[in-house]
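A short write-up of the structure that comes next.
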Amino acid sequence: MRRKARREEMLLSIGGVVTHLELTGAQPVFMEQLRARYGAFEMPAAPWVQRDISLRLTLASAAPPGVPGRRADIDAHPLKVNAAARTIAAERWDFSVKVTAESGQPTRASYRGSGRCEMNPFAVDCMLRVLYATILPRVGGMLIHGCGLRHAEVGVIFPGRSGAGKTTLARKTPDADDVLSDELVAVRRDDDGAWRVHGSPFWGDFARGGISMRSWPLRTVAFLEQAARDVVTMTPIVSSDATLRLLGCFLSFAVDRVTVERNLALAVQLCAEVRSVEASLTKNVPTAEIFRKLAPHLGPEVTRKVPPQSAREMISEFRSFLRKHQSYAFKPKGSSMRPWLKSGDSLFIQSAGEAELAAGDILLYWSPGAKPDDDALTCHRMVGRVPAMRGNAPKFLTKGDAMSRIETFENQRECEILGKVAAISRDGKTWPVPGRIGNLARLFGSLVAIPILRMAGR
Amino acid sequence: MSAPTTASWRRDTELPFQKLAEETIVVDPRRREVHLLNETAARIWELLSAPRSVDELAAALGDEYDVGEAELREAVVELVDGLSSKGLLVAVGGTR
């Protein structure tokens, strides 16, 4: 009797475009590789989340590099992309996919399809790059070959061809978390029509991409040029010149007329609305000096707090803080945990694996909604756990203290547990959640400089 | 190679382009090239939406540019040559 092939799934949100991957035949080690690369852009794969791309992939073992005939196979099957109005097909020696549009709205895509792929992260990465580069422009966005950096509360992209210095710039950025990507960044308009830059999991040699789905207002496009001397110069360029340069860094695999016209129009719009400069520098110039020279071209109020574009972005950013610091603080809103929680309370959340959770713990979890603004951070008490049975995944049971209804969810799928409450702060006093006194000293030690994320402030 | 002066030319209708304030950007996906046409080249590109000879182009531009007839014609020939050599124009017919 043949064993049923393993089926895994991932839900990714990159540049606001949500892709559901159903992966048949995926081995655990391969899923680990994918999560190491795309984890910051993964969200709970709840079936009710609106998906822009739904792709069923059948995975096959990757061919070892030295296998006879491999070279010939690679040479015979280079990347081919065919983008029509409703279908996108892409194939290469190691993958073949086809997706078809189910509905066409100007700001939202809905593609469904299937394909096959070798169990090789590079094959999956190439396939995703093709899909995102082709679909993002159809919803008003684009993938730009460039280094994206967050600076204070704004984003800057430094487009450049290979060897222009994108990875060098990323490497010397003092805080690596400010790097949105050293290779490809997603740029898209927000609901108000302003351009925002999103990090991406598409890396270059810097070997890591953005840390969350959070996007930043795009203030400046700084085209990288190598300077002859270690001096930084920022020279404003007119929009036509900027458009010309941007088109050279606009990732596009399809060359049909409609695609090219669409991409051209987007590049023209972006360069007409966002400041552009030529950033002439060398690898020896420190980042601080680059931003000192760039400051006059960034516009006003670069430090003014800008809220995340959606609840989804906010929660993804919160998760990144928690992953980095292992503990974080936030102010909840709502009344489902009264009287245990009162208005104005601050909660100190600690990362926790499933095995560390027990009934009575107050969990903080990501409850995804259909749309990005429907997502919520839920803080409810764990009342139990249903172990895995008859092929079903284990489920968590939770309840708001002020509510009678018990919720059940599959962790990582319907919701994602981010951590548990370790301490609560009220009226200037802080005390541990019962049973957690031992952790408190360690927790506060790491919380001294951590700001509180204000849920209500979004 | 210079453009045949009695031949007619039109812009390659397969090439996507976008008109900016004064300039025009033309993309050639087959060659993966992007061209930024300056104001005068952009005007010629605009005029070549329909087939025109160099003489017809020079006549059309004569009213718009304050320059001598010979100099204008020479500039038009040079621009048509340039656009043609980049594969942006299609010869419609005629002889030199």
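The values are calculated or read from the model by the stated rules, or taken from the named source; none is laboratory data. What you see is a predicted model; the values in this text were computed from it and never measured. As a convention, Cβ positions derive from the backbone with ideal geometry for all residues, glycine included, and neighbour counts pool all protein chains shown. Surface areas here come from the heavy atoms of the whole protein model, side chains and all, with no ligands, DNA or RNA. Shrake-Rupley method; radii C 1.70, N 1.55, O 1.52, S 1.80 Å.
Odds and ends about this structure:
- Any chance A:Ala228 is more than 14 Å from chain B (Cβ to nearest Cβ), surrounded by fewer than 16 Cβ atoms within 10 Å (Cβ to Cβ) and farther than 30 Å from A:Asp374 by Cβ: yes
- A:Ala254 vs. criteria touching a Leu at 6+ places or on another chain (Cβ under 6 Å), within 11 Å of chain B (Cβ to nearest Cβ) and within 25 Å of A:Ser162 (Cβ to Cβ): no
- Of residues in the range B:9-18 being more than 9 Å from chain A (Cβ to nearest Cβ) and surrounded by fewer than 20 Cβ atoms within 10 Å (Cβ to Cβ), the one nearest to B:Ala50 (Cα to Cα): B:Arg10
- Checking A:Leu218, A:Leu180 one by one, the residue that is touching a residue at least 40 places away in the same chain (Cβ under 8 Å) and surrounded by 22 or more Cβ atoms within 10 Å (Cβ to Cβ) is A:Leu218 and no other.
- The number of residues in the range A:194-209 that are in contact with a Pro (Cβ under 8 Å, 6 or more places away or on another chain) and open to solvent by 40 Å² or more (accessible area, probe 1.4 Å) comes to 1.
- Test: residue in the range A:238-249 that is under 26 Å from A:Gln309 (Cα atoms) and part of a loop (DSSP other than H, G, I, E, B): yes
- In the range A:282-301, the residues that are in contact with an Asp or Glu (Cβ under 8 Å, 6 or more places away or on another chain) and crowded, with 18+ Cβ neighbours inside 10 Å: A:Val285
- Subset tally (residues that are under 14 Å from A:Pro201 (Cα atoms), part of a helix (DSSP H, G or I) and not hydrophobic (A, V, I, L, M, F, W, C)) for the range A:24-53: 5
- Positions within the range A:64-95 being surrounded by 17 or more Cβ atoms within 10 Å (Cβ to Cβ) and either in contact with a Cys (Cβ under 9 Å, 6 or more places away or on another chain) or in contact (Cβ under 8 Å) with a residue 12 or more places away in the chain (or both), in sequence order: A:Val81, A:Ala83, A:Ile88, A:Ala90, A:Glu91, A:Arg92, A:Trp93, A:Asp94, A:Phe95
- Of the residues making up the range A:267-282, at least one is away from chain B (no Cβ under 14 Å) and over 30 Å from B:Thr24 (Cβ atoms).
- Subset of the range A:407-458 (residues that are modelled with pLDDT of 85 or more, open to solvent by 30 Å² or more (accessible area, probe 1.4 Å) and polar (S, T, N, Q)): A:Thr408, A:Gln412, A:Thr430
- Applying the criterion of being under 12 Å from B:Arg32 (Cβ atoms) and facing chain B (nearest Cβ under 9 Å) to the residues of the range A:242-251, the residue that is surrounded by the most Cβ atoms within 10 Å (Cβ to Cβ) is A:Leu247.
- Residue within the range A:189-199 that is at positive phi and hydrophobic (A, V, I, L, M, F, W, C) present: no
- Answer from A:Ser212, A:Ser239 - the residue that is within 9 Å of chain B (Cβ to nearest Cβ) and surrounded by 16 or more Cβ atoms within 10 Å (Cβ to Cβ): A:Ser239
- If the condition is being farther than 15 Å from A:Lys283 by Cα, in contact with a Gly (Cβ under 9 Å, 6 or more places away or on another chain) and at pLDDT below 95, then the range A:203-239 contributes A:Trp203, A:Gly209, A:Gly210, A:Ile211.
- When each of B:Ala42, B:Ala21, B:Ala58 is tested for being within 14 Å of chain A (Cβ to nearest Cβ) and surrounded by 16 or more Cβ atoms within 10 Å (Cβ to Cβ), the lone residue that passes is B:Ala42.
- Subset of the range B:24-36 [crowded, with 20+ Cβ neighbours inside 10 Å, aliphatic (A, V, I, L, M) and free of Cβ contacts under 8 Å to residues at least 24 places away in the same chain]: B:Ile25, B:Val27, B:Val34
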